[in-house]
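Participant: Right, I'll just put the structure down here and ask away after.
The values are calculated or read from the model by the stated rules, or taken from the named source; none is laboratory data. These numbers come from a predicted model, not from an experiment. Cβ placement follows ideal geometry from the backbone for every residue including glycine, while neighbour counts extend to all protein chains displayed.
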Amino acid sequence: MGTVTNETAGGGDFSARAFFLERFAELEPDLRFGAVPEETAAQWQKRTRGVLSSVIGLRRLSPVSLSPKTTERVDAGTHWRERVVLQTGPGRRMPIYVLIPKTGEPPYPTVIAVHGHAGGGKAATAGVEATPETAEAIRRGNLAFGRACCEEGFLVLCPDAQGFGERQEPEAAGDPMAGSCQILANMALPFGLTVLSLWVWDLKRLIDYAALRPTCDSTRLACAGFGAGGYQCLFLAALDTRGHASIVSGCLRGARAASGGQPTPCACAGAPALWEHMDLGDVAGLIAPRPLLVQTGRNDPRNGPAGLDNVTPQLALAGRVYQALDAAHRLEHAIHEGGHVWDNARALPFLHEALER
Ligand SMILES: [Zn+2]
C-alpha cells in the first residue's frame, strides 16, 4: 500500500500553474546573447530584433498617413496642452496629449510618456484630473510624470495606448479606469498579432510624428513609461533605435514569476513562444548602448514572491550586452523604497543628462 496523498486520492490542486512553472524551469532561451559562439553583440541585436518583430507580429502591420488633427489647445497653467489625433494604421486612430512648456525655446527635447493599466490612459500621464478616480490613481501611483517632465522643460507626448482612455473597447464602457487588454488580445491573436505589436507600432508612429512636428527636437527624444507603459517603452526601444534614452519603470522583472501566476499575467504582456526565446533582461539588452534607466520599487508586489531577486538577474542579462558594447555606464538601476509607483527622483535628472547638450 502506497501513501495516500491528495493527488492519488483524486483531490488536490488542479491549477495549471505548477505545469507552467515546471515548463519555465526547463527553458533554455535560444535568443540569449552568447548562445551563439563568436557572435558579436551587434550581430546578436540585429538577429534578435528580426525574430522579436516576427514573434510579436509587428511585421504584419503597415502604415498610413499620420494626418494629425489638433482638436483643442488649452492653457494648463504651467504649460500648454493640445489634443491631437493621429492615424497610426488602417482603421486605427490614436488621440494624444501634447504638453508644451511655457519656458525655453522650441524645438524642445521630447519625451514620450506612456501610461500603464492604472489611471485611465493619457489623462494620468498628462496630469489631467478629469475624474475623482483619475485624481486618486495619479496620487496613489505618482502617475502624472508626463506633466512633471513638461514642467522640467521637455515637450511631452502622452498617447492613449490601444484599449485605454479614449481607446477603450465598447465592453469597458462605463468604467474610465478599465482597460481592454483581454478583448484586444482575443481579437489580435488569430491574425498573428498581439496587443504588444499594436502598442509598439503606435509608439513608432509617434516617433514619426515627433520628427514631423517643428516644435519637437527628435534628435533628442526619450521614451518613459510605467507598469504596462514601461513594458511598451522596453519593447519600443528594443525594436526601434531612434529613441536616444529610455526609462522603464515598474515592469522589468523575470518572467518566471508571471509563469507561476504571481503577479497574474495580463493578456497584453505575451507573444507566442516569447519565453522560449528570451526573458525581459534579454529584451533590455537590445537597447544597448543607448542610455537606459530601469526603475524598481523595492516593495512592488509585481516583482513576484522573490522580490528584488527576481529583478537584478534581468539587469545582469542586459548588462552583459551593455558591457560588450563598452556602455556599462549607460545602464542604470534605480531602486526606490516604494511599491508599484513611479519615482521622479532619479527619472528627471536622468532625462536632463541624456537629452541636454
Ligand atoms: Zn494589460
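Participant: With the stretch 37-122 as the region, which strands (runs of 3 or more DSSP E) entirely inside it contain at least 3 residues that are of a type in the set (Ser, Thr, Tyr) and surrounded by 14 or more Cβ atoms within 10 Å (Cβ to Cβ)?
Facilitator: It comes to none.
Participant: Something else about it: On the given criteria, is residue 249 closer than 27 Å to residue 330 by Cβ, of a type in the set (Ser, Thr, Tyr), more than 14 Å from the ligand (Cβ to nearest atom) and within 9 Å of the chain's Cα centre (by Cα)?
Facilitator: It is true that residue 249 is closer than 27 Å to residue 330 by Cβ, of a type in the set (Ser, Thr, Tyr), more than 14 Å from the ligand (Cβ to nearest atom) and within 9 Å of the chain's Cα centre (by Cα).
Participant: Something else about it: Report, by residue number, each residue of the stretch 22-34 that is surrounded by fewer than 12 Cβ atoms within 10 Å (Cβ to Cβ) and part of a loop (DSSP other than H, G, I, E, B).
Facilitator: Passing the criteria: only 28.
Participant: For residues that are part of a loop (DSSP other than H, G, I, E, B) and over 21 Å from residue 82 (Cβ atoms), tally how many sit in the stretch 151-175.
Facilitator: Summing the residues that are part of a loop (DSSP other than H, G, I, E, B) and over 21 Å from residue 82 (Cβ atoms) in the stretch 151-175 gives 6.
Participant: Another question, if that's okay. I'm trying to understand the selection: among the residues of the stretch 1-21, which are within 30 Å of residue 284 (Cα to Cα) and either assigned to a loop (DSSP other than H, G, I, E, B) or over 27 Å from the mean Cα position of the chain (by Cα) (or both)?
Facilitator: Across the stretch 1-21, the qualifying residues are 16, 18, 19.
Participant: Cβ contacts < 8 Å: first residue of a type in the set (Ser, Thr, Tyr), restricted to the stretch 101-125; second residue within 16 Å of the ligand (Cβ to nearest atom), any location; separation 6+ or different chain. Result?
Facilitator: 125/114; 125/115; 125/119; 125/143; 125/229
Participant: Residue by residue through the stretch 147-183, note down the ones that are surrounded by 21 or more Cβ atoms within 10 Å (Cβ to Cβ) and without any contact (Cβ under 8 Å) to a residue 60 or more places away in the chain.
Facilitator: Those that are surrounded by 21 or more Cβ atoms within 10 Å (Cβ to Cβ) and without any contact (Cβ under 8 Å) to a residue 60 or more places away in the chain: 156, 164, 168, 180.
Participant: Still on this structure, I have one more. Residues of the stretch 37-77 being touching a residue at least 60 places away in the same chain (Cβ under 8 Å) and touching a Pro at 6+ places or on another chain (Cβ under 8 Å), which ones?
Facilitator: Residue satisfying the conditions is 55 alone.
Participant: Further question on the same structure: When you go through 189, 198, 274, 212 one by one, which is the residue that is more than 16 Å from the ligand (Cβ to nearest atom), among the aliphatic types (A, V, I, L, M) and either farther than 21 Å from residue 342 by Cα or modelled with pLDDT under 95 (or both)?
Facilitator: When all the criteria are applied, what remains is 212.
Participant: Right, residue 266: within 16 Å of the ligand (Cβ to nearest atom) and in contact (Cβ under 8 Å) with a residue 12 or more places away in the chain or not?
Facilitator: Considered against the rule, which asks whether it is within 16 Å of the ligand (Cβ to nearest atom) and in contact (Cβ under 8 Å) with a residue 12 or more places away in the chain, residue 266 comes out as yes.
Participant: What is the residue count in the stretch 89-115 for residues that are in contact with a helix residue (DSSP H, G or I) (Cβ under 6 Å, 6 or more places away or on another chain) and aromatic (Phe, Trp, Tyr)?
Facilitator: 1
Participant: So is residue 13 out of contact with any strand residue (DSSP E or B) (no Cβ under 7 Å at 6 or more places or on another chain) and within 30 Å of residue 166 (Cβ to Cβ) or not?
Facilitator: In short, no.
Participant: Here's something else I'd like to know. Looking only at the stretch 119-139, count how many residues are at pLDDT below 95 and among the basic types (Lys, Arg).
Facilitator: Going through the stretch 119-139 one residue at a time, the tally reaches 0.
Participant: Okay, moving on. Before we move on, is residue 319 modelled with pLDDT of 95 or more, more than 19 Å from residue 222 (Cβ to Cβ), within 20 Å of the chain's Cα centre (by Cα) and surrounded by fewer than 19 Cβ atoms within 10 Å (Cβ to Cβ)?
Facilitator: no
Participant: Moving on to the next point. Could you check the stretch 78-134 and list, in sequence order, the residues that are within 26 Å of residue 269 (Cβ to Cβ) and aromatic (Phe, Trp, Tyr)?
Facilitator: If the condition is that a residue be within 26 Å of residue 269 (Cβ to Cβ) and aromatic (Phe, Trp, Tyr), then 97 is the only one that fits.
Participant: Only one of (1) under 25 Å from residue 212 (Cα atoms); (2) within 16 Å of the ligand (Cβ to nearest atom) fails for residue 116. Which number is that?
Facilitator: Condition not satisfied by residue 116: (1).
Participant: Please list, ordered by residue number, the helices (runs of 4 or more DSSP H) wholly in the stretch 198-295 having 2 or more residues that are buried (at least 20 other Cβ atoms within 10 Å of the Cβ).
Facilitator: Because the criterion is at least 2 residues that are buried (at least 20 other Cβ atoms within 10 Å of the Cβ), the helices (runs of 4 or more DSSP H) in the stretch 198-295 that meet it are 228-239, 255-259, 280-285.
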